[in-house]
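Have a look at the structure below, then the notes.
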Protein chains: 4
Amino acid sequence: MKVAKELLEELVTANRILAREDIVDSFGHVSIRHPGIPDHYLMSRARAPECIDVDDLMEFTRDGAAVDAAGRKAYAERFIHGAVYEMRPDVLAVVHHHSHGVIPFGVTGMALRPLIPLAAAIGADVPTWDSRTSFGDTSLLVTNMAMARDLAATLGTRTVALMRGHGCVVAGGSLREVVLNSVYLNLNADLQMQAHALGEVTFLSQGEIRAVLETRGAFTYERAWERWCRRAGRPYDVRPMEGPLADV
Amino acid sequence: MKVAKELLEELVTANRILAREDIVDSFGHVSIRHPGIPDHYLMSRARAPECIDVDDLMEFTRDGAAVDAAGRKAYAERFIHGAVYEMRPDVLAVVHHHSHGVIPFGVTGMALRPLIPLAAAIGADVPTWDSRTSFGDTSLLVTNMAMARDLAATLGTRTVALMRGHGCVVAGGSLREVVLNSVYLNLNADLQMQAHALGEVTFLSQGEIRAVLETRGAFTYERAWERWCRRAGRPYDVRPMEGPLADV
Amino acid sequence: MKVAKELLEELVTANRILAREDIVDSFGHVSIRHPGIPDHYLMSRARAPECIDVDDLMEFTRDGAAVDAAGRKAYAERFIHGAVYEMRPDVLAVVHHHSHGVIPFGVTGMALRPLIPLAAAIGADVPTWDSRTSFGDTSLLVTNMAMARDLAATLGTRTVALMRGHGCVVAGGSLREVVLNSVYLNLNADLQMQAHALGEVTFLSQGEIRAVLETRGAFTYERAWERWCRRAGRPYDVRPMEGPLADV
Amino acid sequence: MKVAKELLEELVTANRILAREDIVDSFGHVSIRHPGIPDHYLMSRARAPECIDVDDLMEFTRDGAAVDAAGRKAYAERFIHGAVYEMRPDVLAVVHHHSHGVIPFGVTGMALRPLIPLAAAIGADVPTWDSRTSFGDTSLLVTNMAMARDLAATLGTRTVALMRGHGCVVAGGSLREVVLNSVYLNLNADLQMQAHALGEVTFLSQGEIRAVLETRGAFTYERAWERWCRRAGRPYDVRPMEGPLADV
């Protein structure tokens, strides 16, 4: 089943933005649920996000098998994506990244909590998944569905789960949403580290988090997306993921 | 009433400078009081500051109604600007931003105070406005005149008020002034955070703050503005806001 | 004995990448073991890594004598490289750098330990060499074989040794490996500093370090190398160091 | 008395390098002693260092009077330079800057000391001048010879003096020397702040400082200068200040 060119271009753009905004370096990846085959997903071959182009995009089954590899190597940790799509029908896009702000929280158990409205979507209760709890000494990489499902269970219905010594996973309803939440998760982490050094921190209350999320409109994502496209050297287009997921 | 092209171009330049100097990202905005209709103000449509151009500039009434929207969407928080212009006849330009330095102060109650002459204008007593005090659980966004007037009352006769979990508002007599005060407010915050980690901090005394402000000349703003224009890829022009505000 | 052009170009690329990624500034250097004369090595003349080109590359004997100086000045600290190649037949590439992350560890004795998989290769036990221990008050520069052999003895069979007040040495089996280990050593140091400020840090266990290193494939190096070449403005080529070191 | 074009171009280059390396922003300045009239000095008109060109360079008497202003405005703090040249016949170049690393030290009294060889020239005993001690509440700006001579007396025979709440002055025997010492002073300050957070810091000993300075050759300055020229978009030329100062 063919996927619309606009959607593939948007996935390329998401890769380039995440690289340009220092959320990923040579590692980390972003995917979208296949618009026509809900238990498949689309993601680049194993390549640094700032290098990828449409020809690098591959289709995977829920369990991470490439539908048509054509000699291309897949990311070793693609299973993260499949397990999240499997458990969360509401999720249409997933990012796995190691942005610098989140790692100190993941290795210390210090709770990461939103202190600015733009990070409200991470929620008041960001869990940390530790691969050792169920799998003992590993490379920490999520290289099979068992690990990925365990991580997805920790994520639960939330937007973000940290991964101890590794990074995090961010899940959401669109590419724009997971990219924005990734960027502001990282910023919130940086600001929270600085705030802890100054004194007792006032975080957003549960009511404030709810109020932010209830009033957030598409324009919030669009305003950021237009700027990020410009910075990443990508055209800013109409939103292909807008509306219900139609076959394309 | 038409506004001189130079003034509009200067407002575009202010937007681009604030973006280039990392004071705003995709969010935050800057306005000027309308030179011919003192209870109106001029500001971009809702767009990331580094993307805007003259065609994005709109005119608003004091209460935030667009005079001629022509299909353009306004910033949700434009009310901040109107309330400050209403309460402060001396103010001709306003910035609302979330620069990274100020947020840790706003969420901890640590007093932000000037420790370098270039930040003297923030004053010895920077207040923090907390939306919860009068409005309870909100999105923290200042989306109506009631909230904006409450914020303006906290600002009072000062140059800067922090906003808990959100950012700050900077008010002044010209675009050059509010941009310079925004940049050095942020720098002062960064330096103050580092200084606290080293020991007891000596801030500028009240007398030193006064001495700085009494001797500050236009050339201070011009020297910075020329450099910022160059960095932002904008022409450096004569000052359209120089002298009394004439109809144009 | 002539060296293949591809190998020399790769050494130039390593210099440019280390500069672009802020691992070296005007100082620091990278070498490779001579592919045909195992006790010789190849390194640039004394020049900032981001400026060098193939014509700057020189051949040195184990003791740091230039084989054909042709008027070019050698790095004063080239002896570090010779001593490591002498003691470690497994080492084919060496970097000496002063990246900002590592210096605070070297001057405080705080143990630097891997907390992310990409830094696993630094090992659980990174030693610090202090020139004063055996040589008293010096310029800290390793300007002779005696100092260099003392440093190499501290390095032992490890990948990294810190140098008090100075920087570090990174040794490995290929240019891609020492560059990647240099970059992630520095990142790990930055993250560890931030993590210590938040609380008790969980590092990779010995078993996790082993698991990472056992499963690391060439593709890890390649994915980073392609991106770094792009950022450094260098072509990304096939790996000349792949396979056994053949005469060329 | 005319000054050689190469010397003026080198002064322009020093301005551009200091800007490119984030030692100065819109403020701060660098001067050289006049090669033919030892109690005069050469410095730009009041302009951000990254904007200046040869036509901006002016000649000043020891007391800060412009020899031929031609309508150009001088830096308000030029007196710093005159007072240092007056008291220190060995000094041929001076920088006044507010680099971010040094300010937290100046406002806390935490001693700034060299912990890397490249910062050895700042010496084991960096004094801090506080304008209030002799002059009470001022703008902190050194706008007359009385303040400047007081600052120069604090500097004494040293290379660097911090200025409380303001920045520092760096004096030396050549432009290359004061630029390098400015850059590594700032880096040392950043590293020292990070090191203090990790534990007890080992600084360079007096003997190590001496050893570094005794063995420092011109090539150290040249290696950095070539790279900085490239980064600042300036040609890298032979050293016009090399050798005894001849009339030109």
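The values are calculated or read from the model by the stated rules, or taken from the named source; none is laboratory data. Here the structure is a predicted model, which is why all the values come from computation and not from measurement. Positions of Cβ are generated from backbone atoms using ideal geometry, with glycine treated the same way; all protein chains shown enter the neighbour counts. Ligands, DNA and RNA are excluded from the accessible area calculation, which covers all protein heavy atoms including side chains. Shrake-Rupley method; radii C 1.70, N 1.55, O 1.52, S 1.80 Å.
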Show that you can apply the helix-only estimate: for chain B, add -39,500 (n - 2.57) for every DSSP H stretch of four or more residues, divide by all residues, and state [θ] at 222 nm to the nearest 500. -11500 deg cm²/dmol
From the Cα gyration tensor of chain C, with a ≥ b ≥ c the square roots of its eigenvalues, which class applies: rounded if a/c is under 1.5, or else prolate if a/b is larger than b/c, or else oblate? oblate
From the square roots a ≥ b ≥ c of the eigenvalues of the alpha-carbon gyration tensor of the protein assembly as shown, which class results: rounded (a/c under 1.5), prolate (a/b over b/c), or oblate? oblate
Can you grab the distance from the C-alpha centre of region D:55-73 to the C-alpha centre of region C:121-164, Å, no decimals? 52 Å
Taking D:Phe135 in one copy and the same position in all the others, each labelled 7 Å out along Cα→Cβ, what are the pairwise distances from the first, in nm, shortest first? 4.5, 4.5, 6.4
Give me the dipole magnitude in Debye, nearest 20, for the protein assembly as shown about the Cα centre, with unit charges on the beta carbon: positive for Lys and Arg, negative for Asp and Glu. 100 debye
Per the C-alpha gyration tensor (a ≥ b ≥ c, the square roots of its eigenvalues), region C:10-121 is rounded if a/c is under 1.5, else prolate if a/b beats b/c, else oblate; here it's prolate
Kindly identify residues of region C:212-230 having a loss of at least 30 Å² in accessible area between the isolated chain and the assembly of all protein chains, probe radius 1.4 Å. C:Phe219, C:Arg223, C:Glu226, C:Arg227, C:Arg230
Once neighbouring chains are kept in place and the probe is 1.4 Å, which whole percent of the accessible area of region A:36-177 is contributed by carbon and sulfur? 49 percent
At C:Asp53, with labels set 7 Å past Cα in the Cβ direction, how many nm apart are the copies from this one, shortest first? 2.8, 2.8, 4.0
Note the buried accessible area between C and D here, summed over both chains, with a 1.4 Å probe, in Å² to the nearest 100. 2700 Å²
Cross-link reach list, lysines versus A:Lys5, counting only Cα pairs under 19 Å and skipping chain neighbours closer than eight places: none
Calculate the mean, over all residues of peptide B:126-135, of how many other protein chain Cβ atoms lie within 10 angstrom of the residue's Cβ. 1
Around D:Arg227: net Lys/Arg minus Asp/Glu count, Cβ-Cβ under 9 Å: +1
Report the antiparallel proportion of the DSSP beta bridges in chain A as a percent, rounded to a multiple of 5. 90 percent
Which of the DSSP-defined H helices in chain B satisfy a minimum axial length of 27 Å, computed from C-alpha atoms, and a minimum mean Kyte-Doolittle hydropathy of -1.0? B:175-198
Teacher prompt: D:Ala70 distances to equivalent labels in other copies, 7 Å Cα→Cβ, nm: 4.5, 4.6, 6.4
Summing +1 for each Lys or Arg and -1 for each Asp or Glu, what net charge is found among the other residues whose Cβ lies under 15 Å from the Cβ of B:Val212? 0
At R0 = 56 Å, FRET efficiency that the Cβ-Cβ distance of B:Val67 and C:Thr215 yields, to 0.05: 0.30
Could you quickly flag the chain B residue whose beta carbon comes closest to the rotation axis taking B to A, and that distance in whole angstrom? B:Ala197, 5
